[in-house]
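Structure record follows, encoded as structure tokens.
The values are calculated or read from the model by the stated rules, or taken from the named source; none is laboratory data. Note that the structure is a prediction, hence the values are computed from the model and not measured. Because the Cβ atoms are built from the backbone with ideal geometry, glycine has one as well, and the counts that use them run over all protein chains shown.
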Amino acid sequence: MTLAVCVRCGESKVGAFTPCARCGLDPAAHGTDKELQAKSLLLSDRFFPGGELEAMGQRIRAGQGVDFDSAKLAELLEELKTQKLPVVSKASPGCTVVGLVLLGGALLFVAGVLWMWRSYGR
């Protein structure tokens, strides 16, 4: 689980690329705005511990803003520009649900076979 702070309003959130519950900013929806995505990554626990993130969020909420490390920002921008896969999966939620149901069914089947084998094998 990644903790992060919204670049626009300073609200705490889970995941650097998740939409902000407070202001609605969605870094993943801005696929061409790599700078927004890089700043969103920088304001996560990947780079700062929770206490520092909360302090940054407070500064943003107070209108003071945050000074981003320009070298780290440039490095992240380069990583994001060369990234081949989308930041967030475009698969529909239904695919995940169907996959989990199939996996659960398969596990129940295996458990049933093992139970029968153990019960009748005695």
Any chance Q58 is outside any loop (DSSP other than H, G, I, E, B) and in contact with a His (Cβ under 9 Å, 6 or more places away or on another chain) = no
Within the stretch 61-73, the count of residues that are more than 19 Å from the chain's Cα centre (by Cα), surrounded by 12 or more Cβ atoms within 10 Å (Cβ to Cβ) and outside any loop (DSSP other than H, G, I, E, B) comes to 2
| request: Please work out if L80 is surrounded by 11 or more Cβ atoms within 10 Å (Cβ to Cβ), closer than 23 Å to C20 by Cα and modelled with pLDDT under 90. | output: yes
Checked the stretch 28-46 for anything assigned to a helix (DSSP H, G or I) and out of contact with any Lys or Arg (no Cβ under 8 Å at 6 or more places or on another chain); matches are A28, A29, E35, L36, Q37, A38, K39, S40, L41
Result of the Cβ filter at 6 Å on the stretch 8-29, keeping first residues that are in the same structural domain as E52 (by TED's automatic domain parsing) and without any contact (Cβ under 8 Å) to a residue 60 or more places away in the chain and partners that are among the hydroxyl-bearing types (S, T, Y) and not in a loop (DSSP other than H, G, I, E, B), at least 6 apart or interchain, is A16/S40; A16/S44
